[in-house]
């Protein structure tokens, strides 16, 4: 099976554009496909402390440090950004 990596760079500054990444993540979770949340993105949205400690429970996603996300990019057959 091919591996796809989807990078979502939209957030609270444009809620309409951020809808697609969240719906995609929801569909992946429903299919039991793992999703990763970049630690810097989580920090920027107030989900992690400055020490990268979670300030909430991540029920459906795993936090990924930049080196882990880089490995996912290398391992993917296709990378999709939106």
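None of the figures in this text is laboratory data; all of them are computed from the coordinates on show. Source: prediction; values computed, not measured. All Cβ positions, even for glycine, are placed from backbone atoms using ideal geometry, and neighbour counts span all protein chains on display.
Suppose we look only past 22 Å in the calculated P(r) of the chain. What percent of the Cα-Cα pairs does that tail hold? Present the calculation step by step, with values, prior to reporting the outcome.
Numbers: 793 of 3321 pairs.
In whole percent, the share of Cα-Cα pairs in the chain beyond 22 Å is 24.
As a test of the formula, what do you get for the chain when each DSSP H run with n ≥ 4 contributes -39,500 (n - 2.57) and the sum is divided by the residue count, at 222 nm and rounded to the nearest 500 deg cm²/dmol?
Value at 222 nm, helices only, nearest 500: -11500 deg cm²/dmol.
Could the peptides 35-45, 66-76 be put in order, highest first, of the mean number of other beta-carbon atoms found within 10 Å of their residues? Intermediate values should be presented prior to the final figure.
Values: 35-45: 15.7, 66-76: 11.7.
Top of the packing list down: 35-45, 66-76.
I'd like the orientation of helix 15-30 relative to the chain: the angle between its Cα long axis and the longest Cα principal axis, in ° from 0 to 90, rounded to 10.
60 degrees
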